[in-house]
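The values are calculated or read from the model by the stated rules, or taken from the named source; none is laboratory data. It should be emphasised that the depicted structure is a prediction, and the values quoted were computed from it without experimental measurement. All Cβ positions, even for glycine, are placed from backbone atoms using ideal geometry, and neighbour counts span all protein chains on display. Ligands, DNA and RNA are stripped out before the accessible areas are found, and what is left, the full protein with its side chains, is counted by its heavy atoms. Shrake-Rupley method; radii C 1.70, N 1.55, O 1.52, S 1.80 Å.
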Amino acid sequence: MHINEILFWFLTALALFSAMMVVFSKNPVHSVLWLIVVFMAITGHYIIMNAQFLAIVNMIVYAGAIMVLFLFVIMFMNLNAESEPQKSKWMKFAAVLSGGSLMLILIAALKDNGGFISSMRGEGSIGLIKNLGKVLFTDYVVPFEISSILFLSAMVGAVVLGKKDSSTIVS
Amino acid sequence: MITMDLLAINFSLGLEKLLLIGAIITFSLIVAMYTTYAERKVAAWMQDRRGPNRAGPFGLLQPAADGLKLFFKEEIIPLTSNKTLFVLGPALAMITAMLTSAVIPWGSSIELFGRNISLQIADVNIGILYVFGVVSMGVYGIMIGGWSSNNKFSLIAAVRGASQIISYELAMGLSLIALLMMTGSLSLKTIVQQQMEGGWNIIYQPLGFLIFLICVFAECNRTPFDLPEAENELNFGYHQEYSSMKLGLYLFAEYVNMFISSAVVSTLFFGGYDIPFVDETALSLSLGANTVALLGFAALFAKILFFLFLFIWVRWTIPRFRYDQLMDLGWKKLIPLALANMLITAVVILWLNK
Amino acid sequence: MPVIPINYYIFLSLALFTIGIVGVLTRRNAIIIFMCIELMLNAVNVLLVAFSKMHHVAAFAVDRATTAGTEAQLFVFFIMVVAAAEVTVGLAIIVMLYRNIHSVDINFLNRLKH
Amino acid sequence: MASLTNRAKVLEQKPMSFMERLYLPAIFKGMAITFSHMFKKKATINYPEEKRPFSPVFRGLHVLNRDEEGRENCTACGLCAVACPAEAITMEAAERKTSEEHLYREEKYAAKYEINMLRCIFCGLCEEACPKDAIYMSETFAPSNFTRKGFIYAKDELLIPNPVTDKEKYEIAKGLREAQLKNK
């Protein structure tokens, strides 16, 4: 087995196991930490596929920024395993069942195709920053600018939502 | 490039890299050890005292004595803490502090046993982004440690530390963008080579350097930004519940962080392993490539030592910021400054290329 | 030459997506549900990158200077950008919710009339 | 409101100038100050090896004196105990036998003489009160101890070594003070 394949299986197992732990761990903080592990595994997958830029962006944006936000919120709300609301056993069973059947259907629909991924060096240069940047700032410059406006509005929105309403303080 | 260099391993290359990793980790641990010594010594000198001078000649064995003391202390894990995470916290802090050293070029290459060995663990072509990624991981060591101690002081300190690091990462990134526009490469090795030819980046980016330096201080949780450890309001900060070597790892990670960030600053702005006022290629003809590589490493080390001294110097000069002042500086001063710096650099580059 | 069939990536991505769905269905904590949505977004990202790579490898055999597959990776980039914006707003909403009903249980969210 | 006194000083509160708001010059100034301190003379000394000279009026541990022939000066008159504001001194007197003339100078001596160092405030009034020059305060510090009892110094701990039989120790115990006084 080539080391690439070993890495693939290892990362896949890691990603799936920790994804399950995200769903099934009782303590929300543990869920967040397992989700970070999932993102790290996915980052590893990106590196195998030689998508360096996405790998590092995934690490900085998802694992480094978004998950810290989640952790912040959970820590401030002081959520722990005891105060965690639980659904009834039957609801959970039904959820797992329906999820499993969805997965079966999707796999059945998508299983027949003959593509493959190779990790030869010369064949994988599109994931490099140089190439991605060139396309991003020429062909996709308008969506890029629009996304910056999106960010600005998200920022304003978050501040407006998070700010304590002065009328509620009085009451 | 990471993948293939990583995956197309032959035995001798792997051995070489492993040895290099071992050497660099040992080296940074030793330097961190003696930074603690230097900190106490310099602090003493600045306060007209003598500092540690009992353990060994000039107190040189003091760090070893401190380490031994920490090892032999009782290991206390609070009953109500979250045990796994409590242990994971210091480990994460230490690992993320160490990981950054992988992309720093510690020197050019040396010839040994007929092999050309590059003094850099991995010449990743997204080197700086890798540094940022690892730095953003460093938040978790603090947050997990602070949260799992189950102590409100620790928690507040952890949240403070994390929000401080996240806030200053922005200004840090923005100040670097100006630099990257000039160099046109994210690989640290390329940046160093460009500085060898075209002069150090500090000449072109003094403002960027200043912003970057301030952000580095904040990222390392050093005074004047050591809010997470503000004794007068938060007792001992996020590692309050820790004892023994787990506390040691946290304290040690701070010094390793200092060392690595000094290395990053000297690589980005002070020419890395470039020996000032000397033409390396001419010198290597007369002295041999190996000697020049070692000299280059010595030059880098001298720069690192200067920055370590600067860290200590600033710590014993400037008092701590208040928390709102800290956020004010980060968001309202440094980020606009960095943006302005970026714009000016862009305009100048465009004007020169016209 | 190491070759990994695209099917493996499809299955990985489907599994992650399904775990995300199961998470949304089983949990009542709004933050966890939000996290599971992030998981689903990431499953899609993996799939997009894998397809982009496959597409590129196929085009590379014909034309060595091809940039086929770049769009998919940029698409992933934009997904990440949007996800970051979405998380900030979403978490702000959850925090406000918590302030009002002192819980993040979504079963209490039927009190919109208050 | 009128101020109670006219001593209140009105501070001038003008907004900071641009250079002041930059803070950097001030920071550099501070750093220059700390840097210059690195090369100043150190205020500390390596204590057990080097010692600072005591002032001639320093009051340390008590010593019960002997005369040149090695006889104890104390006559157990009790004036020191009376003078002591902390009531740290207790003693019991005894009469000198004929065979003990080489031990005690006067015909009465202190059979028991104790100073409680935990009570003592080192005021030196005992030294002042003593008519026979029997008690004086040396320049040693009160050493540490593990028990409270250990701080009640009995006669054998207080007595100065015999100048006849133990010349060297006597000189040491007599201490630097004599030398200092002589130098003056």
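Considering C:I21, C:I33, C:I10, C:I93, which residue is more than 7 Å from every other protein chain (Cβ to nearest Cβ) and assigned to a helix (DSSP H, G or I)?
Result of the check over C:I21, C:I33, C:I10, C:I93: C:I33.
For the stretch D:33-50, which positions are more than 9 Å from every other protein chain (Cβ to nearest Cβ) and surrounded by 10 or more Cβ atoms within 10 Å (Cβ to Cβ)?
D:S36 - this is the single residue of the stretch D:33-50 that is more than 9 Å from every other protein chain (Cβ to nearest Cβ) and surrounded by 10 or more Cβ atoms within 10 Å (Cβ to Cβ).
In the stretch B:302-320, which residues are open to solvent by 60 Å² or more (accessible area, probe 1.4 Å) and either among the hydroxyl-bearing types (S, T, Y) or over 23 Å from B:L268 (Cβ atoms) (or both)?
Within the stretch B:302-320, B:W316, B:P319, B:R320 meet the criteria.
With the requirement that a residue be under 28 Å from C:P5 (Cα atoms) and over 14 Å from the mean Cα position of the chain (by Cα), what does the stretch A:15-38 give you?
Selection gives A:F17, A:M21.
All but one of (1) under 30 Å from A:N80 (Cβ atoms); (2) touching a residue at least 60 places away in the same chain (Cβ under 8 Å); (3) open to solvent by less than 10 Å² (accessible area, probe 1.4 Å) hold for B:Q195; which doesn't?
Tallying (1) under 30 Å from A:N80 (Cβ atoms); (2) touching a residue at least 60 places away in the same chain (Cβ under 8 Å); (3) open to solvent by less than 10 Å² (accessible area, probe 1.4 Å), B:Q195 fails exactly one: (1).
So how many residues does the stretch A:125-164 have that are open to solvent by less than 80 Å² (accessible area, probe 1.4 Å), within 17 Å of C:V76 (Cα to Cα) and not aromatic (F, W, Y)?
Residues in the stretch A:125-164 being open to solvent by less than 80 Å² (accessible area, probe 1.4 Å), within 17 Å of C:V76 (Cα to Cα) and not aromatic (F, W, Y): 15 in total.
Among B:A299, B:A293, which is over 26 Å from D:L24 (Cβ atoms), surrounded by 14 or more Cβ atoms within 10 Å (Cβ to Cβ) and at pLDDT below 85?
Within the list B:A299, B:A293, the selection yields B:A293.
What about C:V49, is it over 30 Å from C:I93 (Cα atoms) and within 17 Å of the chain's Cα centre (by Cα)?
yes
Hey, among the residues in the stretch D:80-102 that are in contact (Cβ under 8 Å) with a residue 40 or more places away in the chain and surrounded by 19 or more Cβ atoms within 10 Å (Cβ to Cβ), which one's nearest to D:L118 (Cα to Cα)?
Per the criteria, the residue is D:C84.
Does the stretch D:100-117 contain at least one residue that is in contact with a helix residue (DSSP H, G or I) (Cβ under 9 Å, 6 or more places away or on another chain) and either among the polar types (S, T, N, Q) or assigned to a loop (DSSP other than H, G, I, E, B) (or both)?
For the stretch D:100-117, residues in contact with a helix residue (DSSP H, G or I) (Cβ under 9 Å, 6 or more places away or on another chain) and either among the polar types (S, T, N, Q) or assigned to a loop (DSSP other than H, G, I, E, B) (or both): present.
Being in contact (Cβ under 8 Å) with a residue 60 or more places away in the chain and closer than 17 Å to A:M20 by Cβ is the filter here; which residues of the stretch C:1-58 pass it?
Within the stretch C:1-58, C:N29, C:I33 meet the criteria.
Spot the failing condition for A:I56; the list is (1) touching a Gly at 6+ places or on another chain (Cβ under 6 Å); (2) within 10 Å of chain C (Cβ to nearest Cβ); (3) more than 15 Å from C:A43 (Cα to Cα); (4) modelled with pLDDT of 85 or more, and only one is missed.
(2)
Open to solvent by 60 Å² or more (accessible area, probe 1.4 Å), modelled with pLDDT of 85 or more and among the charged types (D, E, K, R) - does that describe any residue in the stretch D:51-58?
No, there is no match, as no residue in the stretch D:51-58 is open to solvent by 60 Å² or more (accessible area, probe 1.4 Å), modelled with pLDDT of 85 or more and among the charged types (D, E, K, R).
Restricting the stretch A:1-19 to residues that are closer than 30 Å to A:S83 by Cβ and either open to solvent by less than 20 Å² (accessible area, probe 1.4 Å) or out of contact with any helix residue (DSSP H, G or I) (no Cβ under 6 Å at 6 or more places or on another chain) (or both), which is nearest to the other protein chains (Cβ to nearest Cβ)?
A:A19
Taking the options B:L119, B:L92, B:L112, name whichever one is open to solvent by less than 50 Å² (accessible area, probe 1.4 Å) and farther than 30 Å from B:G145 by Cα.
The match here is B:L119.
Does the stretch B:156-169 contain at least one residue that is open to solvent by less than 20 Å² (accessible area, probe 1.4 Å), in a helix (DSSP H, G or I), among the aromatic types (F, W, Y) and in contact (Cβ under 8 Å) with a residue 60 or more places away in the chain?
Yes, that holds for at least one residue.
Listed residues A:V38, A:V29; which is in contact with a helix residue (DSSP H, G or I) (Cβ under 7 Å, 6 or more places away or on another chain) and at pLDDT 90 or above?
Sole residue among the options that is in contact with a helix residue (DSSP H, G or I) (Cβ under 7 Å, 6 or more places away or on another chain) and at pLDDT 90 or above: A:V38.
Give the residues of the stretch A:59-92 that are surrounded by fewer than 16 Cβ atoms within 10 Å (Cβ to Cβ) and within 11 Å of chain B (Cβ to nearest Cβ), sorted by residue number.
Matches in the stretch A:59-92: A:F76, A:N78, A:N80, A:A81.
Out of all the residues in the stretch B:60-83, which are surrounded by 18 or more Cβ atoms within 10 Å (Cβ to Cβ) and closer than 19 Å to B:L308 by Cβ?
B:Q62, B:P63, B:D66
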